[in-house]
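Reading through the structure tokens given below for one structure.
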Amino acid sequence: MTSTTEPTEPIEPTEPTEPAEPIEPAEPAEAAEAFSVWQLSETTLLRFATAGSVDDGKSTLVGRLLHDSKSVLTDQLEAVERASAGRGQDAPDLALLTDGLRAEREQGITIDVAYRYFATPRRRFILADTPGHVQYTRNMVTGASTAELTVILVDARNGVVEQTRRHAAIAALLRVPHVVLAVNKMDLVDYQEPVFAAIAEEFTAYALELGVPEVTAIPISALAGDNVVEPSAVMDWYGGPTVLEHLETVPVSHDLAHCHARLPVQYVIRPRTAEHPDYRGYAGQIAAGTFRIGDEVTVLPSGRTSTVSGIDLLGEPVDAAWTPQSVTLLLADDIDISRGDLIVPSKDAPATSQDVEATVCHVADAPLTVGHRVLLKHGTRTVKAIVKDIPARLTLDDLSLHPHPGQLVANDIGRVKIRTAEPLPADSYADSRRTGSFILIDPSDGTTLTAGMAGESFATPEPVKHETDDGWDF
């Protein structure tokens, strides 16, 4: 399902954003300075997602944020004013800035994920406005999968409800490093501090139990604009940042230097021209970490080793390159490398295995069952696989586990064990959100079935073995 409201410049939410003008540290003496300058410019981009229960005012918050930060074009605002007047409303309904589907406007709810660009002098933003209803869990997982911050809305009149706990669990499951609790509709509870304090205390305790590293609670009124962009004049008891101020100042970690370097090979470049008769380069986008000339690397899953002899960036040689730059690596040895291989530092190469245990969110309408034959896409590599077991299904409302459900249906989150036809070099999702994630694909029509996160995310019971005799027993 596709929203009719598109951003001015459509984006792919699963693809990382490259800097407009990457710094090329061509000289070793300038490398450190260039790296820090590039890192500083990259931290001006923040990807964040919003989530909330039905009628919590999430789309109104997003609309208010866009409107008050001067990020709405005149014709867009005029269209919203006309639509609001046609519905008998005296003031513009700012929720219409993001609720673009006809069904969304008729029901006053968010169904699809809507992406928006906006910017302030201090930072650029990519916002994913995600639906909150349980039947659209897969949409929230999609929107939050690349987010570095999630804004979770709570109606001050209702407090923390099951949907709130579900959203917090999804944020924890996806390892979103920053969570903002926006306690909305404070105007309807007379801006009482004890109401806000009780909700913030309850939610923060629950989120910390889930492993969320940071929670920031902010009392707001999206309809009136209190503490969204400008500080509230009626909540003088609150001395913290507004929503926009927090978004502008929250630390953003891009793991440029300290994480494990990973380069999924997308293409092997061999021009075979008079100018480059023996050129052999391995092109791809760096998924994590930094590569430098002289690094000893291993190619997985083959295990062959070599040394980085050159790095080409935008057609020019450089001494170092880092995520998320697209580069071509040249190696000292001619070894067999093809699309789907993973180039990693030899000193911290991930283990390769045909057995993958993961937490997954099932996104397809057709169920995922034990014995299901699928294609597993990890990075640029796609292999045959079979679902060997579904040890548990997770109920996010109370975090209870239902052992061996036999299948996962749309919006279900659970644990799976998968056997692949070829060894797979997958990191744990806890270590790397990029190289620890994968999708399962229906081999018959290419439909995406499931989004997966390798490694342990929550406790699972002992597995039960299932017999298969269909020839896919790898």
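The values are calculated or read from the model by the stated rules, or taken from the named source; none is laboratory data. What you see is a predicted model, and the numbers here were worked out from it, not measured in a lab. With ideal geometry, Cβ positions are generated from the backbone for all residues, glycine too; neighbour counts draw on all protein chains shown. Heads up: the accessible areas ignore ligands, DNA and RNA and are worked out on the full protein's heavy atoms, side chains in. Shrake-Rupley method; radii C 1.70, N 1.55, O 1.52, S 1.80 Å.
The table that follows gives values for the structure above.
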| item | result |
| --- | --- |
| Criterion: of a type in the set (D, E, K, R) and within 27 Å of PHE118 (Cβ to Cβ) - qualifying residue of ASP236, ASP155 | ASP155 |
| Residues of the stretch 400-442 that turn out to be more than 19 Å from GLU456 (Cβ to Cβ) and not acidic (Asp, Glu), as a count | 9 |
| Strands (runs of 3 or more DSSP E) enclosed by the stretch 263-359 - at least 3 residues per element that are under 30 Å from VAL141 (Cα atoms) and not acidic (Asp, Glu) | 281-285, 342-345 |
| Inter-residue pairs, beta-carbon under 6 Å, first in the same structural domain as PRO317 (by the TED database) and in the stretch 276-299, second open to solvent by 20 Å² or more (accessible area, probe 1.4 Å) and among the aromatic types (Phe, Trp, Tyr), 6+ apart | ALA283/TYR267 |
| In the stretch 400-410, residue farthest from the chain's Cα centre (by Cα) [restricted to those that are over 12 Å from VAL370 (Cα atoms) and buried (at least 16 other Cβ atoms within 10 Å of the Cβ)] | LEU401 |
| Criterion (open to solvent by less than 10 Å² (accessible area, probe 1.4 Å), more than 30 Å from VAL268 (Cβ to Cβ) and either at pLDDT 95 or above or assigned by the TED database to the domain that holds GLN325 (or both)) met by exactly one of ILE390, ILE413 | ILE390 |
| Selection within the stretch 211-241 - aliphatic (A, V, I, L, M), more than 19 Å from SER69 (Cα to Cα) and either open to solvent by 40 Å² or more (accessible area, probe 1.4 Å) or in a loop (DSSP other than H, G, I, E, B) (or both) | VAL212, VAL234, MET235 |
| Within the stretch 193-245, tally of residues that are among the β-branched types (Val, Ile, Thr) and over 30 Å from the mean Cα position of the chain (by Cα) | 2 |
| Flag if ARG419 is crowded, with 17+ Cβ neighbours inside 10 Å, in contact with a Lys or Arg (Cβ under 6 Å, 6 or more places away or on another chain), in the same structural domain as VAL363 (by the TED database) and under 23 Å from PRO264 (Cβ atoms) | yes |
| Complete set of residues in the stretch 292-307 that are exposed (fewer than 15 other Cβ atoms within 10 Å of the Cβ) and more than 29 Å from VAL383 (Cα to Cα) | GLY294 |
| The stretch 308-352, residues that are within 27 Å of GLY455 (Cα to Cα), open to solvent by 50 Å² or more (accessible area, probe 1.4 Å) and hydrophobic (A, V, I, L, M, F, W, C) | ALA351 |
